[in-house]
Amino acid sequence: MKFLLSPVAGIGATVLGMLAWLGELTLFALSGLSHIWRPPFYPRLVGRAFMEIGFYSLPVVALTALFTGMVLALQSYTGFSRFGAESAIASVVVLSVTRELGPVLAGLMVAGRAGAAMAAELGTMRVTDQIDALSTLSTEPMKYLVAPRLLAGIIVLPLLVVLADIIGVLGGFLVATQKLGFTPDTYLISTFTNLRSNDVISGLIKAAVFGFIIALMGCFQGYRSRGGAQGVGAATTAAVVSASIMILALDYVLTQVLFSK
């Protein structure tokens with residue numbers, strides 16, 4: 001009998017642990033969001049978070065978008081040439097970049113760079129008791145450490161995605177005109193003819209959600225880290241992995257919501 005109950009108990013403990021983790025994450029997110037709108041405000045910290053999440057992520061996001069657009073144009077040409085549909089390459093590149101690849105790849109890159117940095121910084125502050133020191137000095141840690149990063153993540157990632165969309169389409173344009181024999185006028189006309197405002201807006205909505213997720217997971221994992229340097233490393237890894245998985249899962253959910261008919 002014990003042999004049969006042991007696996008069931010293990011499954012139950014795992015489910016309860018996941019529910020407890022989700023509950024803790026939800027309360028953490030609600031607390032962080034509530035502090036965005038309540039005084040006192042720290043514009044300097046918001047500006048610093050803007051720089052950390054946005055400006056320092058520009059190179060990796062730009063390079064990722066450029067080569068993604070270039071590869072997408074090449075692969076589209078390889079497939080469409082079999083059916084004589086080479087003229088559809090421009091529309092495929094612009095729709096793929098603005099709807100999916102721009103927000104998702106930018107989110108994954110920022111999660112790996114800025115999300116890890118946030119988790120490491122807050123984790124170090126936690127294990128060195130700096131967060132407890134803030135409470136001793138009558139400074140709310142959620143207001144001082146978490147809220148500025150959440151606000152910056154929500155605002156900055158859509159701006160990065162706009163840049164990624166432009167550079168990604170530019171990458172496809174360069175390959176199409178320099179390697180595949182398209183004329184610049186034909187490619188640009190096809191691009192703007194097939195692009196709709198809803199395509200760009202849906203990508204920006206995804207980007208705002210992904211930016212919130214990246215900042216939330218970076219702060220959450222770092223804020224609750226324990227166990228010295230090893231705990232900080234584990235929190236950093238958990239922040240990147242959990243943010244990446246949530247980005248991919250929410251991408252499907254948001255696509256279903258935004259484009260369902």
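The values are calculated or read from the model by the stated rules, or taken from the named source; none is laboratory data. Not measured: the values here are computed from a predicted model. Methodologically, a virtual Cβ is constructed for each residue, glycine included, from the backbone with ideal geometry; neighbour enumeration extends over all protein chains shown. Heads up: the accessible areas ignore ligands, DNA and RNA and are worked out on the full protein's heavy atoms, side chains in. Shrake-Rupley method; radii C 1.70, N 1.55, O 1.52, S 1.80 Å.
For the stretch 180-227, filtering for residues that are of a type outside the set (D, E, K, R), over 24 Å from P141 (Cβ atoms) and in a helix (DSSP H, G or I) leaves 22. Quick check on G84: is it open to solvent by 10 Å² or more (accessible area, probe 1.4 Å) and modelled with pLDDT under 90? Yes. Taken over the stretch 159-174, the criterion of being open to solvent by less than 20 Å² (accessible area, probe 1.4 Å) and under 10 Å from F67 (Cα atoms) is satisfied by G168, G171, G172.
Just one of (1) at positive phi; (2) part of a helix (DSSP H, G or I) fails for L45. It is (1). Of the residues making up the stretch 137-147, those that are farther than 13 Å from F220 by Cα and at pLDDT 85 or above are E140, K143, Y144. Looking at the stretch 57-66, can you tell me whether even one residue there is under 18 Å from the mean Cα position of the chain (by Cα), farther than 20 Å from I155 by Cβ and of a type in the set (V, I, T)? Yes, the stretch 57-66 contains at least one residue that is under 18 Å from the mean Cα position of the chain (by Cα), farther than 20 Å from I155 by Cβ and of a type in the set (V, I, T). Against the criterion of being more than 30 Å from W21 (Cβ to Cβ) and within 17 Å of the chain's Cα centre (by Cα), A164 qualifies.
In this structure, is K206 touching a residue at least 12 places away in the same chain (Cβ under 8 Å) and surrounded by fewer than 17 Cβ atoms within 10 Å (Cβ to Cβ)? Against the criterion (touching a residue at least 12 places away in the same chain (Cβ under 8 Å) and surrounded by fewer than 17 Cβ atoms within 10 Å (Cβ to Cβ)), K206 does not qualify. So for the stretch 227-238 (the condition being open to solvent by less than 10 Å² (accessible area, probe 1.4 Å), closer than 13 Å to E100 by Cβ and modelled with pLDDT of 90 or more), does at least one residue qualify? Checking the stretch 227-238: not a single residue is open to solvent by less than 10 Å² (accessible area, probe 1.4 Å), closer than 13 Å to E100 by Cβ and modelled with pLDDT of 90 or more.
Between F50, F41, the distinction of being surrounded by 10 or more Cβ atoms within 10 Å (Cβ to Cβ), among the aromatic types (F, W, Y), under 20 Å from the mean Cα position of the chain (by Cα) and farther than 19 Å from A238 by Cα belongs to F50 only.
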